[in-house]
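Undergrad: Have a look at the structure that comes next, please.
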Amino acid sequence: MNRIILLGGPGSGKSTYSKSLSEHFNIPHISVGELMREEQKINPEVDKYVSAGELVPTDIIIDILKERLSESDSVDGYILDGFPRSMEQVEAMETEDIEYDYVVNLNVSEDEVVMRLTARGREDDTPEIIKKRLSIFDKQTGPVIQHFKDEMIDIKAEGREIEDTAEDIINSIESKTENRKYKKGMTFKNYTGL
Ligand code: AMP
């Protein structure tokens, strides 16, 4: 299955690469930020956090995410864009059985991020809120990246064409799939060779 977790800071291109992955693997792009921007319109509590550039409490995130993952389009896989963003969410993921097959981390330098976000001009992209989101990312999401370090696919997401980065991500996932198939095959062969 292709259940992909896409990690990366604000402005790392999560949404851009999610779209490429979604088209390539034919799986839905589930953007937690997008789900929150929808929720923000009807839920003042969520609005408070999103407008301030702060993380929405984990229980709210999990409720909304689980509902989204229960939709029929997610059965063969999905791209989780922007989750988990804290160790609390990593733990909740385990207790709530939110599963994954691949973790991809998009690496972008801080200078490039500030430049990209300033150019983007979304409502929560003011200099002050950008600074806040970057500091939250370092503090809360930094440990998440450390947690997945050994198993994740680390991708340099700047200094080259978007298409080239997208191809790199897809190739890395596919070669990992091949590797897993091969390892499975070896076990089977060893077993039957007994
Ligand atoms: P994004 O579009 O990923 O930059 O997310 C926009 C905003 O949605 C963030 O600044 C947070 O307020 C909220 N948000 C998105 N993902 C999460 C998450 N996993 N946990 C908590 N809040 C989140």
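Nothing in this text is a laboratory measurement; each read-out follows from the coordinates by a stated rule. From a predicted model like this one, the values you see are computed outputs, not experimental measurements. Methodologically, a virtual Cβ is constructed for each residue, glycine included, from the backbone with ideal geometry; neighbour enumeration extends over all protein chains shown.
Undergrad: How much length is gained on full extension from S109 to E123, taking 0.36 nm per residue of separation minus their Cα-Cα distance? Don't skip to the answer; put the middle values down first.
TA: Numbers: separation 14, 0.36 × 14 = 5.04 nm, distance 2.24 nm.
Taking S109 through E123 to full extension adds about 2.8 nm, to one decimal.
Undergrad: Report, in whole Å, the centroid distance computed from the Cα atoms of segment 114-177 and segment 40-100.
TA: 18 Å
Undergrad: Let me ask something else. If the reach is capped at under 17 angstrom between alpha carbons, list the aspartates and glutamates near K184, excluding any in the same chain fewer than eight residues apart.
TA: D101, E174
Undergrad: From zero outward in steps of 5 Å, how is the percent of C-alpha pairs of the chain spread across the bins?
TA: Each 5 Å bin holds this share of Cα pairs: 1, 7, 15, 19, 20, 17, 10, 5, 3, 2, 1, 1, 0.
Undergrad: Given H placed 1.01 Å from N in the peptide plane, which residues other than close sequence neighbours of D101 have an amide H under 5 Å from its amide H?
TA: Amide H neighbours of D101, under 5 Å, 5+ apart: R3, I4, I5.
Undergrad: Let me ask something else. Rounded to the nearest 500, what is the 222 nm mean residue ellipticity of the chain from helices alone, with -39500 (n - 2.57) per DSSP H run of 4+ residues and division by all residues?
TA: -18000 deg cm²/dmol
Undergrad: On to the next question. Extending each Cα 7 Å along its Cβ direction at T16 and T177, get the distance between those two points in nm, one decimal.
TA: Spacing of the two 7 Å Cα→Cβ label points: 2.4 nm.
Undergrad: To the nearest 20 Debye, how big is the dipole of segment 86-194 about its Cα centre, given +1 on the beta carbon of each Lys and Arg and -1 on that of each Asp and Glu?
TA: On the way: 16 positive and 26 negative charges, 85 e Å.
Charge dipole of segment 86-194: 400 debye, to the nearest 20.
Undergrad: Let me ask something else about it. Multiplying the sequence separation of E71 and R160 by 0.36 nm and subtracting their Cα-Cα distance, what value in nm do you get? Could the numbers behind the result be given before it?
TA: Values: separation 89, 0.36 × 89 = 32.04 nm, distance 3.55 nm.
Roughly 28.5 nm would be gained on extension.
Undergrad: Still on this structure, I have one more. Which whole-number value in Å³ per residue fits the convex hull of the alpha carbons of segment 8-79?
TA: Working: hull volume 6.8 nm³, N = 72.
Taking only Cα atoms, segment 8-79 has a hull volume of 94 Å³ per residue.
Undergrad: Additional query: Could you give the radius of gyration (one decimal) and Dmax (whole number) of the Cα atoms in segment 89-147, in Å?
TA: Reported Rg and Dmax, both Å: 14.2, 39.
Undergrad: Using per-residue counts of other Cβ atoms within 10 Å, averaged over each peptide, order 25-32, 129-136, 70-77 from highest down. Can you show the working numbers first?
TA: Working: 25-32: 19.0, 129-136: 17.2, 70-77: 12.1.
Listed from highest to lowest mean packing, they are 25-32, 129-136, 70-77.
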